[in-house]
Structure formats: structure tokens, C-alpha cells
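S.K.: Below you will find the structure I want to go over with you.
The values are calculated or read from the model by the stated rules, or taken from the named source; none is laboratory data. Since the model is a prediction, treat every value here as computed from it, not as a measurement. So basically every Cβ, Gly included, is an ideal-geometry build from the backbone, and we count neighbours across all protein chains shown. When the accessible area is computed, the model is the full protein with side chains, heavy atoms only, and any ligands, DNA or RNA have been set aside. Shrake-Rupley method; radii C 1.70, N 1.55, O 1.52, S 1.80 Å.
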Amino acid sequence: MDKSMKNNKTSFIIILYMICMISLFYFSKKTHQNRTLKKFNIVIDPLSKNHFVNEEIIKNILFYKTKKIEKKIGQLCILKMEKKLNHYPFIKKSEVFLSVDGTLNIKILQKEPILRIKNGNKESYLTKDAENLELSSFFSSKVVLAKGHFSKEEKKYLTNLIKFINSDELLKNQIISIKKNNKNSFVLIPKIGNHHIILGNIKDFKNKLNKLKAFYNQYLNKIDINQYKSIDLQYKDQVVAKKR
């Protein structure tokens, strides 16, 4: 057998092998797509304290409250499923993918409210991203309450204010509410003591809250805080505590 015949035979074998592999691939793919979806692996933000969604809600979003889900794997559109999930108000981001064994994997990242806003009869959450979020009939998040009408800019400052408060153990355990009066002055309501904390303009809240921390650390366990009417943080380099 000359060299050209050997080369032709080798090429024929390679082509035949490729045809077999392609045929096997399409056969496997068709068989896989005709399989009925039976298994779900749903992971919902395991470190989050929020419970706005659960497995039942996720399945209802994707399959319209179908009691028995009988879908062929080939009928599933991953991109559409992710779009549906991401459109749900309390979901920040979703990831959907199929495993080789036919399991539908769904990973959910929830939106995280850090503030509850009450303006008259209207209530909503404010998320870490300064995004408005409707209340849920399914779950109520335990966050600081803010009363008043807030502009878009003020909501951004409120978000940063709450992040600052939550990052400090003393302030986190002490501040339970915020309100804005008619003069656009912000007031904090503490857990301990029958007084209010006058923050004033919200833009320079960090310096003011640091003064409040220093005041609490020095006096909270040494004086009767209930005898004070207000603690004013508006003055430079000082805290003015007014008695009743």
C-alpha cells in the first residue's frame, strides 16, 4: 500500500469518526431535550436575613402556579426564565442553568431593604442601592423607620446614613427611627431615653454622629438620660443637651 492510499484511509477513518461523534452528539442532545424536568435545585441568598421569596414563589413565577410541572427540558428557555425572575420586585439578580443530569439550578439574590419610609398613608422600603421597593404581603423586614417626604437626593443620603448607623454597634442598637420636619431638618429617635436627637442638615451626618457616639460613650451610663428633652448635634465641635 503506497503512501497516498494510507493517507486516504486515515482521512476516511477520521471523517467517519467525526460523523459518528456528531451523530452521537445530536442523538444525546435530542434525548436530553425530550427528558421531563423533575429536579430543582433552588438556592435563595443563604446569608440574607430577608425572606421575600421562597421555592414556591420561584416556581410560581416560572410556571404560573402549575400544580404538577411537566416540562420537557427542550421547552425551557433559560434567558426568559432569568428575565421573569429579575422582573419580580424583590429579586435583585438571578442565575438559571441546567446540569447534565437534567436538574434545573436557580440561584437568587434578593434586594436588601435597609429603611422603611412612611409618608402619610404611603409606605415603602428603601434598599441599599437607594431604590424604592414596595412592601411585601409575604414578609416584613425589620429595619429603621423614616417618616416624611424625601427627595431623591435625600434618599441617597438616608441610605448612607443607615449604612453608617448599622456599621456601629452602639448606634445600631440605639437609633430606631428618623423623621424630617417641615424645615427639612432631620431628627433621630433613640431606643433608650425619652429625648430626640437633632441632626439638622443630613449632608454632614458623619461628623454629627461621631459627636453623638462620643457623648453616649461618656455620659450614657453616668447620667439620667430621661431628664433630657433633646440632644442637638448642629453646633460645631459640641453637643448641646437640653433638659426638660
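S.K.: Ranked by accessible surface with a 1.4 Å probe, highest first, in what order do Asp45, Asp101 come?
M.R.: So, going from the largest accessible area down, we get Asp101, Asp45.
S.K.: Given the C-alpha centroids of the stretch 95-127 and the stretch 42-60, what is the distance between them in whole angstrom?
M.R.: 8 Å
S.K.: Quick one: 3J(HN,Hα) in Hz for the stretch 50-61, Karplus 6.51/-1.76/1.60 with θ = phi - 60°, rounded, Gly and Pro as x.
M.R.: 7, 9, 6, 10, 9, 4, 5, 5, 4, 5, 5, 4
S.K.: Could you do me a favour and compute the accessible area per residue for the stretch 157-230, 1.4 Å probe, result in Å²?
M.R.: 54 Å²
S.K.: OK, next. Write down the radius of gyration of the stretch 137-209 and its Dmax, each obtained from C-alpha positions, in Å.
M.R.: Here Rg and the maximum Cα pair distance are 12.3, 38 Å.
S.K.: Pick out, in residue order, every one of the chymotrypsin sites (Phe, Trp or Tyr not before Pro) in the stretch 197-244 that is DSSP loop and has at most 16 other C-beta atoms within 10 Å; say none if there are none.
M.R.: Loop-located and lightly packed - Tyr235.
S.K.: Please compute the length gained on full extension between Glu95 and Phe139, using 0.36 nm multiplied by the number of residues separating them and subtracting their Cα-Cα distance.
M.R.: So the chain would gain 13.6 nm between Glu95 and Phe139.
S.K.: Return the inverse of the average 1/r over all pairs of distinct C-alpha atoms in the stretch 64-190, which is the Kirkwood hydrodynamic radius, in Å to one decimal.
M.R.: 17.3 Å
S.K.: Could you please report the charge total around Lys206, scoring K, R as +1 and D, E as -1 over all other residues with beta-carbon less than 13 angstrom from its beta-carbon?
M.R.: It works out to a net charge of +3.
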